[in-house]
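Every number here is computed from the coordinates shown, using simple stated rules; none is lab data. Just so you know, these numbers come straight off a predicted model, no measurement behind them. Using ideal geometry, Cβ is built from the backbone for each residue, glycine included, and neighbour counts are taken over all protein chains shown.
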Amino acid sequence: MENQPRLPPIIMGGAGFSYQLHPQPDQIPISSIIRRAFDLGVRCIDTSPYYEPSEQLLGHALAHPEIRDKYSREDYILMTKAGRISADKFNYSPEWIQSSVARSLSRLGTSYLDVVFCHDVEFVSCNQAVDAVGALFELKEQGKVGFVGISGYSIESLVQVARRVRQVYKRPLDVVQNWAQLTLQNSRLETVGIPALREEGVGVICNSSPLASGLLRSTSVPSGKLGDWHPSPAGLRSAVREASDWVESQGSTLVNLALRFSISRALQMSRSEKNPNVHTIVGVSSISDIEDNVKATTAILRRPTPLSDDPTTTEVNVLSLTEIREEVEQSDLVLCQGVRMILGDWVDYDFESKTKQAKI
């Protein structure tokens with residue numbers, strides 16, 4: 001088995017198929033969305049039992065002939081999580097972790113999961129998280145889990161757990177997922193998180209929520225059956241609306257600018273041999289969402305120069321996009337600086353502690 005998962009530059013997030021983000025997730029044409037994503041090279045899905053009923057819907061969709069007849073299980077990557085049950089309920093006991101993984105295997109209709117994260121480690125003690133990781137390491141030895149990781153918002157908690165895991169098990173975590181902190185609004189994952197996680201031997205980092213869970217767009221934050229759960233305060237939302245209006249006056253949109261920013265920064269950081277590989281998890285709940293995400297990716301990334309003008313290629317495959325379009329990156333720089341000037345003191349605002357964080 002390889003030392004780390006080989007992930008595409010963008011990954012399809014499964015939270016869009018949940019009650020948290022959609023009032024009727026069972027009405028979403030998920031099999032058609034997945035087929036379109038896979039055809040475009042986005043052959044990695046990240047989900048969680050907490051994103052009810054995402055796992056069940058994804059499992060049903062992956063079994064559909066539209067997917068099954070063209071793509072084998074080895075053609076795509078499935079990532080899920082364990083430990084978080086509901087908004088205020090967690091179970092990180094090794095027994096529950098094993099049970100949760102078994103349930104995910106059944107729901108997703110697979111004999112193995114490529115990656116499993118302990119979900120939102122900041123809500124439990126470090127020791128509980130480390131014990132849960134140990135259970136996942138056991139499942140990895142059994143071949144039921146390919147790679148073991150942790151996820152969460154708090155960079156400090158992620159680093160603490162990663163450090164302790166290495167001390168206890170004499171091996172590093174394979175992958176870490178952090179959300180909403182490699183964005184136009186908050187880039188602490190780049191400045192603080194990645195250097196610290198690199199020191200703990202982490203080889204892959206997933207940046208989820210490049211739009212800060214729907215904050216960085218012209219419309220209001222997403223709301224499902226759970227209502228307005230987004231942690232951003234009114235002042236930040238107001239500043240984002242002002243920034244969005246300004247970006248549109250410059251001929252672009254905040255959504256596309258924010259996506260290009262996160263995707264390009266991820267690839268820039270991955271270029272250094274010292275750094276982990278960084279990948280971006282994007283929100284999806286429609287075919288147009290996946291197409292828009294791929295369009296944003298191709299706007300900022302390209303294939304290597306010898307392949308860039310291949311006349312035999314009629315449609316993009318994101319797996320081949322390994323270089324940054326420097327001319328786009330430079331033109332975006334002015335817009336990104338303008339947005340951050342408008343956000344002012346809200347730049348690097350921390351949803352968890354409601355303040356700017358000191359370095360680790």
Looking at segment 155-175, can you tell me whether even one residue there is surrounded by fewer than 18 Cβ atoms within 10 Å (Cβ to Cβ) and hydroxyl-bearing (Ser, Thr, Tyr)? yes
For residue 20, work out the one condition from (1) surrounded by 16 or more Cβ atoms within 10 Å (Cβ to Cβ); (2) part of a helix (DSSP H, G or I) it doesn't fulfil. (2)
Look through 68, 73, 107 and report the one residue that is crowded, with 18+ Cβ neighbours inside 10 Å and either of a type in the set (Val, Ile, Thr) or without any contact (Cβ under 8 Å) to a residue 60 or more places away in the chain (or both). 107
Cross-chain or 6+ apart pairs with Cβ under 6 Å, segment 184-209 first and more than 22 Å from residue 10 (Cβ to Cβ), then assigned to a loop (DSSP other than H, G, I, E, B) and of a type in the set (Lys, Arg): 192/359
Test residue 244 against the criterion of being in contact with a Ser or Thr (Cβ under 6 Å, 6 or more places away or on another chain), without any contact (Cβ under 8 Å) to a residue 60 or more places away in the chain and assigned to a helix (DSSP H, G or I), and give yes or no. yes
If you go through segment 105-115 one residue at a time, do you hit one that is part of a helix (DSSP H, G or I) and within 28 Å of residue 198 (Cα to Cα)? no
Taking segment 78-100 and keeping only residues that are surrounded by fewer than 21 Cβ atoms within 10 Å (Cβ to Cβ) and within 20 Å of the chain's Cα centre (by Cα), one is left with 85, 86, 87
Across (1) in a loop (DSSP other than H, G, I, E, B); (2) without any contact (Cβ under 8 Å) to a residue 60 or more places away in the chain; (3) under 28 Å from residue 37 (Cα atoms), residue 148 clears everything bar (1)
